[in-house]
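Everything on this sheet refers to the single structure shown next.
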Amino acid sequence: MRRWILLMLVLTMTALTLTACGKAERQKAQDTPQPSQSAAAQPVETKTIQGIVNRMDAYLVLLTEDGEYYTMDYGEDIPIHAFAEGDRVEVTYTGELGIEDVPPTITAITKVQ
């Protein structure tokens, strides 16, 4: 009988402990500020740059007239099959050039004559 009571006590304490942890996590999630919809609806600034396609792989490496190389990720619906290494192109992108941890994202690309 003592074992039965001890087992019930242990199970009750375990359930209370788990419930308390879940409540703390929910409270923490509620305290974390969420981005407002107006911040998400703000337009993203795009920029353009011209250069020569140096490499096309899972990313694009662009060589500018200044002799600088820039690595860029492809955005959605970018027709990479229409371009080849050596093509002179104008790239429209979002983000910042020269930051290796977060490469800019290509939003449009066109050939330049």
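Bear in mind that the values in this text are calculations on the coordinates, not laboratory data. Bear in mind the structure is a predicted one, so any value in this text is a computation, not a measurement. Counting neighbours? That spans all protein chains shown, and the Cβs are built from the backbone with ideal geometry, glycine included.
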(message) Modelling each spin label as a point 7 Å along the Cα-to-Cβ direction, I'd like the residue 2/residue 48 distance in nm, to one decimal.
(response) 8.7 nm
(request) Report the extension gain between residue 74 and residue 16 in nm, rounded to one decimal, defined as 0.36 nm multiplied by the number of residues separating them, less their alpha carbon distance. (result) 15.9 nm
(request) Give me D for the range 46-111 in µm² s⁻¹, whole number, from Stokes-Einstein with Rh from the Kirkwood sum over alpha-carbon pairs, 20 °C and 1.002 mPa s. (result) 186 µm²/s
(message) Please report the net charge: other residues with Cβ closer than 13 Å to the Cβ of residue 60, K and R +1, D and E -1.
(response) -4
